[in-house]
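Notes follow the structure.
The values are calculated or read from the model by the stated rules, or taken from the named source; none is laboratory data. Just so you know, these numbers come straight off a predicted model, no measurement behind them. Because the Cβ atoms are built from the backbone with ideal geometry, glycine has one as well, and the counts that use them run over all protein chains shown. Side chains included, ligands, DNA and RNA excluded: accessible areas come from the protein's heavy atoms. Shrake-Rupley method; radii C 1.70, N 1.55, O 1.52, S 1.80 Å.
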Amino acid sequence: MGICNSCSDNNPGDDLSYADHDMSPSSPPAVPEVKRQLAAQSQSPPRPVHPPKPAGAEPTENSACRLEGISRKLAKEQADKDDAEAARVAAAEEEAAKKAAAAAKKATEEEEAARIAAEEAARIAAEEEAADKASAEKAAEEEAAKKAAAAKAAEEEAARKAAEEEAARIAAEEKEAAKNAADERAQKAAAAAAKKATEEEAARIAAEEAARIAAEEEAADKASAEKAAEEEAAKKAAAAKAAEEEAARIAAEEAAKIASKPEQPQELLYQCVARCRYMNSAAMDDERQPVSSPKEGDLVIGTDVVDGEAATFFKCKSGKGFLPLRVDETEYFQRLGSIEEIERDYKCVAPGKGVSYRSSPTMANKSAGVTGPIAPQIVHTTAICTADEGVQFVRVKNKAGSWFKPYWVPLIVKNIVCLEEA
């Protein structure tokens with residue numbers, strides 16, 4: 001149906017309010033009611049809404065057109081509102097769905113976080129348990145190590161004590177052996193002194209021997225105190241025992257050689273400590289002229305000891321006369337030991353740098369600036385001297401065939417064999 005031109009004019013019918021149709025924008029209809037109305041309108045065409053006719057007014061065609069236009073306008077507005085409401089509801093539903101999805105996602109994430117936290121807590125607990133177990137095992141190992149160390153220390157202490165006891169025993173045996181040997185030498189020296197010299201000379205020799213024995217005992221005590229380990233002590237004891245056996249063998253051989261010879265007067269070696277003149281007899285007023293006299297350091301061989309009125313004399317083997325041992329407080333000659341002039345070859349067996357020459361048959365009188373024999377050097381000797389200090393020396397002959405005083409070599413030094421017969 002067409003709309004007349006008058007429907008678009010301003011007329012009182014255009015002022016029809018929403019309240020006349022119950023469509024106020026401040027009070028939108030409920031969504032279900034709107035849907036219901038829209039469905040009803042789609043089934044049947046809308047009926048025009050006509051305002052009430054004023055009293056006495058006649059209906060006209062223009063008023064009908066205006067009413068129909070208003071109805072259509074209202075229907076269109078209502079449809080737009082319905083569409084807007086439907087869009088709003090759809091948006092609300094979509095927003096609610098998004099919120100529900102976000103809430104579900106958050107719950108899933110929280111569950112996942114809780115699961116991860118639980119797994120992490122379980123892992124940490126397992127690591128702590130493993131650490132506690134490892135700590136306990138380590139503590140047990142440390143305790144075992146401490147016990148092992150304590151046991152080892154106890155064993156080492158026991159071994160050390162055993163070594164010290166063994167070293168002390170060996171040192172005591174060495175000391176006893178040295179003492180016995182020293183006693184034996186002292187007895188022999190005392191007997192020889194009582195037989196060949198005066199009581200004063202014997203007392204002096206005994207005093208020197210006692211001092212030497214005391215020095216040897218002190219050295220032995222010091223050496224035994226310095227021994228630390230059982231192995232070292234055993235090596236030293238074995239070496240000392242071997243040296244003693246070798247020395248005993250050599251001494252026995254020498255004694256056998258000496259015993260096999262016909263007995264002859266014993267010759268003694270003296271060293272001049274103060275210059276004096278030769279005498280024709282055992283008297284200080286019987287001076288022999290002109291004969292060169294011994295000077296300090298010279299070695300003289302004596303054959304007989306004679307007691308004179310003022311002093312004791314010995315007869316020089318050279319045939320030059322008699323020499324006094326001591327006059328009043330003055331000592332002229334010092335006895336070094338017995339000597340036998342015999343030519344013999346010896347081989348040096350001393351370890352290391354060999355053995356030093358001596359200016360006289362005494363251990364302390366080393367010759368400076370002279371190199372002694374070195375193994376396996378062979379030396380030719382012209383005499384052997386058994387010194388009063390218990391050491392045997394040999395007098396070495398040089399290449400020219402003569403000998404001089406620096407060439408004295410000990411056969412044994414501190415239980416170490418230096419020379420043995422070639």
Cβ-Cβ under 6 Å pairs, at least 6 apart or on other chains, the stretch 382-396 side over 17 Å from residue 416 (Cβ atoms), far side of a type in the set (D, E, K, R) and assigned to a strand (DSSP E or B)
382/395; 382/397; 383/395; 384/340
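Residue-by-condition table, conditions (1) open to solvent by 40 Å² or more (accessible area, probe 1.4 Å); (2) under 16 Å from residue 274 (Cβ atoms); (3) among the acidic types (Asp, Glu); (4) in contact with a Leu (Cβ under 9 Å, 6 or more places away or on another chain):
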| residue | (1), (2), (3), (4) |
| --- | --- |
| 323 | no, yes, no, no |
| 366 | yes, no, no, no |
| 370 | yes, no, no, no |
| 379 | no, no, no, yes |
Among 210, 171, the single one that is assigned to a helix (DSSP H, G or I) and closer than 30 Å to residue 310 by Cα is 210
From 153, 220, 189, which residue is open to solvent by less than 60 Å² (accessible area, probe 1.4 Å) and under 28 Å from the mean Cα position of the chain (by Cα)?
153
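Scan the stretch 350-360 and give yes if some residue there is closer than 30 Å to residue 282 by Cβ, open to solvent by 60 Å² or more (accessible area, probe 1.4 Å) and without any contact (Cβ under 8 Å) to a residue 24 or more places away in the chain, otherwise no.
The initial filter retains those residues of the stretch 350-360 that are closer than 30 Å to residue 282 by Cβ, namely 359-360.
Checking the rest, the ones that are also open to solvent by 60 Å² or more (accessible area, probe 1.4 Å) come to none.
No, the stretch 350-360 contains no residue that is closer than 30 Å to residue 282 by Cβ, open to solvent by 60 Å² or more (accessible area, probe 1.4 Å) and without any contact (Cβ under 8 Å) to a residue 24 or more places away in the chain.
On the basis of being open to solvent by 40 Å² or more (accessible area, probe 1.4 Å) and under 60 Å from the mean Cα position of the chain (by Cα), does residue 309 make the cut? Let's see the steps before the verdict.
Numbers: open to solvent by 40 Å² or more (accessible area, probe 1.4 Å): yes; under 60 Å from the mean Cα position of the chain (by Cα): no.
Considered against the rule, which asks whether it is open to solvent by 40 Å² or more (accessible area, probe 1.4 Å) and under 60 Å from the mean Cα position of the chain (by Cα), residue 309 comes out as no.
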Looking at 297, 302, which is the one that is of a type in the set (Gly, Ala, Ser) and either without any contact (Cβ under 8 Å) to a residue 60 or more places away in the chain or in contact with a Leu (Cβ under 9 Å, 6 or more places away or on another chain) (or both)?
302
Of the conditions (1) open to solvent by 60 Å² or more (accessible area, probe 1.4 Å); (2) within 30 Å of residue 227 (Cα to Cα); (3) of a type outside the set (D, E, K, R), residue 162 clears all except one; give me its number.
(1)
